């Protein structure tokens, strides 16, 4: 009987221990422990420590500073410790954790020589266009190419054994498994797949996506394992991990209820933050219920739910009679986007959503005007870059080129280093003279039945109507201003391999402006508006939709005019002026500068400085997700720590909109939160170390130094103020939903995967119920709730069932 199905099934199961890793150019924040989310959090971090070698909790020193700074309430902490059978003296438990940290083993999980040889071949095979001399035979796949070329690798002890490998990688794997029963196969595969989780996660994602690079140069998990197991055999490295010795101290960090001490501290930290978040929201809920409608705003701006939008939204609302809303930054359009002069197309939608439509920027047929100017500048720039690249890389010309261009290069380098803001200003001035593609291109929104591609081009009228209606229904809109702006976001940095991590996560690490342009164009379509009216969404005739993009590094907001009529020119002019005022205020807050003009200059310097390791903090600090109307958070300074999604329970009687938010954006924000959490608690394993020593490889990732595993998470500078001082507070996500408890319960009951995350402690949910005197209820597990004000750790929580209504 063939053993191939058993081998492949064992590989697939073992691969669940490694999360997918996206290429560097489209870095997506994701939970590095995604493969462990089917179990309680404390079990998951223990299993991940065994397989991946990473710590899953903050250190005792981090807890101590949070406690001393008041971020962990002393009463809450003592109550939590006592409830779980620990010494109620926080100082004593800290000493216990410190001893455990000092005794933690530091072991390697795979032979260094195997890793060194394997990563060398992975880097050349998985290269995405950076290498000048590509690896031969890549079109045959990784396993076949390795067999063909690696026989010439002098670092491999028996290169002839590589050439003698069987044609089928599964056969090669079977040969290595002779000594092990079927029941151990999964252990073998998990051990080797987790030895280099960065590379494994990348090839896993590449195989799942099946994009252009994978189609041209395929790599599979069986092919990868066949090579790795062969090298392990040749280097006499272990095929399975040694059994961990029983040191008799397994209960040192737990009590009878098996809750680790660090988990108790973490829970107290999260409860302290959650109380600070929920208490003002319950007060605001009651006030909002009694508030009168203020009338039609001058403009409404829809930002991404991103935590950085919370800051700019406050300043926009202060600048004028404006209303802001939060919506997932891909604006509900699951599209693959191809820019006018882009080399590749990108999926501009969340990782949990498959792209459904191909949208391209199409220029007018007339080559003159803005398009002609853009094309001429673009051609000159591309030609110059190509010449410099060829001269610098060509062995025959490199030395003469450097000798003749050295003075000019040196001056340019000195200027960019010493006065980066002036260089950046000069480049911006040149850029302003060159029209951007969006000034003369239009996105291909209309459905094109004749388009032949892997995805159909454009959207049908029914689809356009559905995307527009969904946006307004999810946000609970019942009125429209004269101007409605959909504002995507992007980052602006220089010399930053992780720049995509600062762009829109909902757009898979890409700018959100293109998605905003698509939705604005859809909503300006008269046929769409007519269909919306039939669905009860009445958009006034004088409402104009525009798109824009928020630069999260400088807080500048660019609005795209599109086809704005002259009747609204003054509205846009006033809005632009007020957005500049909002920018200055937000910049001053973010860089802690009293002078707004100086703050703006500082943000521009950070964006232009190629030596700046912290151009912005990104989503560092994220801890909360608020789902509700703006009236709930209006006037509150949430310190850029909360995702904000607009939602009005009164316009969602069936709970469909709430279901979409809970199963979509809430899951994505939990991924983001987990990425920041784990990159903070163990940056060498779950992050990517210091940017200073990053070495980009193949346009797919970064090394630390000159080889090894791909770094899978955020750089140290994105989460730490210093090497041992976190800037990001490592707590799990606290979600607050403004809706009846019964409605939230029903949504959770219909989605086991989401309920499993809650029951497992990966995030928490608190409901502020407007139908129960605006009281807050905390999810207590098993679809039950306990009043938040009564939930203390000293006694078992009193769970309350949701109120039954006729």
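The values are calculated or read from the model by the stated rules, or taken from the named source; none is laboratory data. In this text the structure is predicted, and so the values were computed from the model without any measurement. Using ideal geometry, Cβ is built from the backbone for each residue, glycine included, and neighbour counts are taken over all protein chains shown.
Restricting segment 198-235 to residues that are at pLDDT 90 or above and in a loop (DSSP other than H, G, I, E, B) leaves a set whose member that is surrounded by the most Cβ atoms within 10 Å (Cβ to Cβ) is 219. Please work out if residue 287 is farther than 30 Å from residue 520 by Cα, at pLDDT 95 or above and touching a helix residue (DSSP H, G or I) at 6+ places or on another chain (Cβ under 9 Å). Taking the combined requirement at face value, the residue does not satisfy it.
Among the criteria (1) over 22 Å from residue 469 (Cα atoms); (2) in contact with a strand residue (DSSP E or B) (Cβ under 7 Å, 6 or more places away or on another chain), the one residue 678 does not fulfil is (2).
Listed by position, the helices (runs of 4 or more DSSP H) contained in segment 1-82 that have at least 2 residues being farther than 26 Å from residue 224 by Cβ are 41-52, 60-68.
None of 693, 792, 803, 712 is at pLDDT below 90 and surrounded by 22 or more Cβ atoms within 10 Å (Cβ to Cβ) except 712.
Residues in segment 515-568 that are touching a strand residue (DSSP E or B) at 6+ places or on another chain (Cβ under 9 Å) and assigned to a helix (DSSP H, G or I): 515, 516, 517, 518, 519, 520, 521, 522, 523, 567, 568. For residue 539, the conditions (1) surrounded by fewer than 19 Cβ atoms within 10 Å (Cβ to Cβ); (2) touching a residue at least 24 places away in the same chain (Cβ under 8 Å); (3) farther than 28 Å from residue 491 by Cα are fulfilled apart from (1). The condition of being crowded, with 19+ Cβ neighbours inside 10 Å, within 22 Å of the chain's Cα centre (by Cα) and free of Cβ contacts under 8 Å to residues at least 40 places away in the same chain holds for only one of 310, 338, that being 338.
Condition check ((1) surrounded by fewer than 22 Cβ atoms within 10 Å (Cβ to Cβ); (2) at pLDDT 95 or above) across all residues:
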{"position": "731", "(1), (2)": "no, yes"}
{"position": "735", "(1), (2)": "no, yes"}
{"position": "748", "(1), (2)": "yes, yes"}
{"position": "763", "(1), (2)": "no, yes"}
{"position": "769", "(1), (2)": "no, yes"}
{"position": "774", "(1), (2)": "yes, no"}
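Condition (residue is touching a residue at least 60 places away in the same chain (Cβ under 8 Å), in contact with a strand residue (DSSP E or B) (Cβ under 9 Å, 6 or more places away or on another chain) and under 18 Å from residue 501 (Cβ atoms)) applied to segment 15-22: is it met by at least one residue? Within segment 15-22, one or more residues are touching a residue at least 60 places away in the same chain (Cβ under 8 Å), in contact with a strand residue (DSSP E or B) (Cβ under 9 Å, 6 or more places away or on another chain) and under 18 Å from residue 501 (Cβ atoms). Considering only residues in segment 699-709 that are touching a strand residue (DSSP E or B) at 6+ places or on another chain (Cβ under 8 Å) and more than 14 Å from residue 197 (Cα to Cα), the one that is surrounded by the fewest Cβ atoms within 10 Å (Cβ to Cβ) turns out to be 706. Scanning segment 719-729 turns up one or more residues that are closer than 22 Å to residue 278 by Cα and either at pLDDT 90 or above or not in a strand (DSSP E or B) (or both).
When restricted to residues that are in contact with a strand residue (DSSP E or B) (Cβ under 8 Å, 6 or more places away or on another chain) and either over 19 Å from residue 480 (Cα atoms) or not in a helix (DSSP H, G or I) (or both), segment 455-469 contains 6. If you go through segment 23-45 and keep only what is touching a residue at least 12 places away in the same chain (Cβ under 8 Å) and over 30 Å from residue 490 (Cβ atoms), you end up with 35, 36, 38, 39, 40, 41, 42, 44, 45. Residue 612 - would you say it is modelled with pLDDT under 95, out of contact with any strand residue (DSSP E or B) (no Cβ under 7 Å at 6 or more places or on another chain), more than 17 Å from residue 754 (Cβ to Cβ) and not in a helix (DSSP H, G or I)? It is true that residue 612 is modelled with pLDDT under 95, out of contact with any strand residue (DSSP E or B) (no Cβ under 7 Å at 6 or more places or on another chain), more than 17 Å from residue 754 (Cβ to Cβ) and not in a helix (DSSP H, G or I).
When the residues of segment 558-603 are filtered to those that are out of contact with any helix residue (DSSP H, G or I) (no Cβ under 8 Å at 6 or more places or on another chain) and under 16 Å from residue 311 (Cα atoms), the one that is surrounded by the most Cβ atoms within 10 Å (Cβ to Cβ) is 580. Residues of segment 659-667 include at least one that is assigned to a loop (DSSP other than H, G, I, E, B), farther than 26 Å from residue 315 by Cα and touching a residue at least 24 places away in the same chain (Cβ under 8 Å). Annotation: of all residues in segment 150-169 being part of a helix (DSSP H, G or I) and in contact (Cβ under 8 Å) with a residue 24 or more places away in the chain, the one that is farthest from the chain's Cα centre (by Cα) is 161.
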